[in-house]
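One structure is given below, encoded as structure tokens.
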Amino acid sequence: MNRLLNNAITRSTVAIRASSNLTTKAPTAQSITQQNAQFDKVTHTGQAWDQADYRLQRFDTSAKQVNPNVAMHLVDQRPPENCGDKRVIYCDGGHPALGHPKVYINLDKPGVHACGYCGNRFYNSHVTQGEDLKIQHLNC
Ligand SMILES: [Zn+2]
């Protein structure tokens, strides 16, 4: 039964590849220079490959799909939260079921302190004023 199924899948895959126009031959790696390199879409991890890279073989039959909503950029758009004169605050991600373990963040140093789990940022307005808002701390 499995052999019949595998033969059917192999035959249909060969038929799809033979009928598609996507079977263009990739250029060799030696023919790619900095001037003619064309990079594909950059992923959230920063990967982008030129047209000769062997890792593009996986996108022969379908296009590479990249999510434009990178979490790092979405968190960066959220302004830091003013915590008044509190010296220690906690962050649990904002939702008991969807958040993260509660972590305590010390706000004694001037600057903006980010949660190591979710990236939310907090500052003490008594200690942090003006140019101090440009100082970034990561609390893990
Ligand atoms: Zn958090």
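The values are calculated or read from the model by the stated rules, or taken from the named source; none is laboratory data. Small disclaimer: the values here were computed from a predicted structure and weren't measured. Cβ: placed from backbone, ideal geometry, glycine included. Neighbour counts: every protein chain shown.
Annotations for the structure displayed:
- Residue ID - farthest from MET72 (Cα to Cα), chosen from residues in segment 111-131 that are β-branched (Val, Ile, Thr) and more than 16 Å from the ligand (Cβ to nearest atom): VAL127
- Residue that is farthest from the ligand (Cβ to nearest atom) [pool: residues in segment 89-110 that are hydrophobic (A, V, I, L, M, F, W, C) and under 24 Å from the mean Cα position of the chain (by Cα)]: ALA97
- The sole residue among ASN82, ASN120, ASN106, ASN124 that is in contact with a Ser or Thr (Cβ under 6 Å, 6 or more places away or on another chain) and not hydrophobic (A, V, I, L, M, F, W, C) is ASN82.
- Among the residues of segment 86-107, the ones that are surrounded by 10 or more Cβ atoms within 10 Å (Cβ to Cβ) and of a type outside the set (Val, Ile, Thr) come to 12 in all.
- If you go through segment 49-63 and pick out every residue that is surrounded by 13 or more Cβ atoms within 10 Å (Cβ to Cβ) and either under 20 Å from the mean Cα position of the chain (by Cα) or in a helix (DSSP H, G or I) (or both), you end up with 4.
- Some residue of segment 13-21 being loosely packed, with under 11 Cβ neighbours inside 10 Å, in a loop (DSSP other than H, G, I, E, B) and modelled with pLDDT under 55: yes
- The number of residues in segment 75-88 that are more than 14 Å from the ligand (Cβ to nearest atom) and outside any strand (DSSP E or B) comes to 7.
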